[in-house]
Amino acid sequence: MTIDWNHFTPWTSLAGGALIGAASALLILASGRLLGISGILGGLVAPRRGDALWRLTFLAGLLAAPAAWALFAAPAEPRIEAGGAVLLAAGLLVGWGTRHGSGCTSGHGVCGLSRRSPRSLAATAAFMGTGFATVYLVRHLLA
Amino acid sequence: MNRIAEFAAGLLFGLGLILSGMTDPGKVLGFLDLAGAWDPSLAFVMAGAVGVACFGFALARRRGTALLGGAIALPPATPIDRRLVVGSLVFGVGWGLAGFCPGPALVAAAAGTDEALLFTLAMLAGMAAHGITTESAAGSAPVPE
């Protein structure tokens, strides 16, 4: 195994992670809601009465983040390899899969592991596993 | 007050994603590529996030009610079932193909990245498709998590 020292950012990633954890703690303690992006979005795709507003205000904050960031620092240029067809297929799989599995990296990965949920541990192991396998397939077997 | 807390949580979460580098799919794929030049950053994001959030959830479990009123909605401890595993396996394939998961995709789309917007629209279509297929199949109501 070789470490990509040029891109490895231990301190900013740890600090960013701490913000993510603080946001999750804030939402559960202040409002009693679980910070899972796919769950919050999914509840808007099929909205129920009286259950949409908190989702919308949370998402408004989330979507305001790049503009808030730009007030203080220059945005980093994302590195995107996937073309249009791959992005479409990947989006469909992520949308369907996170709804079927009741969560994504935030709901299962961050919140689920934080509250030591066996279900979330199983889910995280599953999506990490196919994530590793898919990248290996795409970058090392098919490329 | 609830609306302010929710907006703040979303903003803080989004800033955390940007600071950690997770809105860059190259960084996510760099973590998932164990056989290539490996970028361990994502593990540090998880460590930072879980290291802070675990205290919040421990407190939430003891309190039962939210600071601003209302119940704390923690998912019930249901068994690990086929649906959870299959859904997560499928999610991982999509994640590995593009390097986007739902949160970073939304933030990158809001930052004006066209690829992220395309991914997000497809993701919403996938969610809608799931809603239609499971409602017609009936029975298994999704447990929000």
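Structure notes:
- Qualifying residue in segment B:74-97 (condition: in contact with a helix residue (DSSP H, G or I) (Cβ under 7 Å, 6 or more places away or on another chain), facing chain A (nearest Cβ under 7 Å), at pLDDT below 95 and farther than 27 Å from A:G131 by Cβ): no
A quick yes/no check of all residues on (1) within 24 Å of B:A5 (Cβ to Cβ); (2) in contact (Cβ under 8 Å) with a residue 60 or more places away in the chain; (3) not aromatic (F, W, Y):
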{"position": "B:G56", "(1), (2), (3)": "yes, no, yes"}
{"position": "B:A71", "(1), (2), (3)": "yes, no, yes"}
{"position": "B:T78", "(1), (2), (3)": "no, yes, yes"}
{"position": "B:R82", "(1), (2), (3)": "no, no, yes"}
{"position": "B:S88", "(1), (2), (3)": "no, no, yes"}
{"position": "B:G92", "(1), (2), (3)": "no, no, yes"}
{"position": "B:D114", "(1), (2), (3)": "no, no, yes"}
{"position": "B:A122", "(1), (2), (3)": "no, no, yes"}
{"position": "B:A129", "(1), (2), (3)": "no, no, yes"}
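- Residues that are of a type in the set (D, E, K, R) and at the interface with another protein chain (Cβ under 7 Å from one of its Cβ atoms) within segment A:92-136 comprise A:R99, A:R115, A:R119, listed in sequence order.
- Counted residues, segment B:51-68 - those being more than 7 Å from every other protein chain (Cβ to nearest Cβ) and in a loop (DSSP other than H, G, I, E, B): 1
- One residue stands out in segment A:4-52 among those that are out of contact with any Pro (no Cβ under 7 Å at 6 or more places or on another chain) and among the β-branched types (V, I, T): the one that is farthest from the other protein chains (Cβ to nearest Cβ), namely A:I40.
- Screening B:G48 with (1) closer than 24 Å to A:T12 by Cβ; (2) more than 15 Å from the chain's Cα centre (by Cα); (3) more than 7 Å from chain A (Cβ to nearest Cβ) gives one miss only, at (3).
- Residue in segment A:65-85 that is of a type in the set (K, R) and either more than 7 Å from chain B (Cβ to nearest Cβ) or closer than 27 Å to A:R139 by Cα (or both) present: yes
- Residues of segment B:69-86 that turn out to be in contact with a Lys or Arg (Cβ under 7 Å, 6 or more places away or on another chain) and either over 19 Å from A:S24 (Cβ atoms) or in a helix (DSSP H, G or I) (or both), as a count: 3
- Annotation note: Cβ proximity below 7 Å between a residue of segment A:128-143 that is surrounded by 15 or more Cβ atoms within 10 Å (Cβ to Cβ) and a residue that is among the β-branched types (V, I, T) (sequence gap 6+ or interchain) occurs for A:T130/B:V93; A:T134/B:V93.
- Test result for B:L29, out of contact with any Leu (no Cβ under 6 Å at 6 or more places or on another chain) and either at pLDDT below 95 or surrounded by fewer than 24 Cβ atoms within 10 Å (Cβ to Cβ) (or both): no
- The helices (runs of 4 or more DSSP H) found wholly in segment A:1-118 include none carrying at least 2 residues that are surrounded by 20 or more Cβ atoms within 10 Å (Cβ to Cβ), on the phi > 0 side of the Ramachandran plot and of a type in the set (A, V, I, L, M, F, W, C).
- Residues of segment B:1-21 that are more than 7 Å from chain A (Cβ to nearest Cβ) and not in a helix (DSSP H, G or I): B:M1 alone.
- The single condition among (1) at pLDDT 95 or above; (2) touching an Asp or Glu at 6+ places or on another chain (Cβ under 7 Å); (3) crowded, with 20+ Cβ neighbours inside 10 Å that B:W38 does not meet is (3).
The values are calculated or read from the model by the stated rules, or taken from the named source; none is laboratory data. Only a predicted model underlies this, so the values are computations on that prediction, with no experimental measurement involved. Virtual Cβ from ideal backbone geometry, glycine too; neighbours counted across all protein chains shown.
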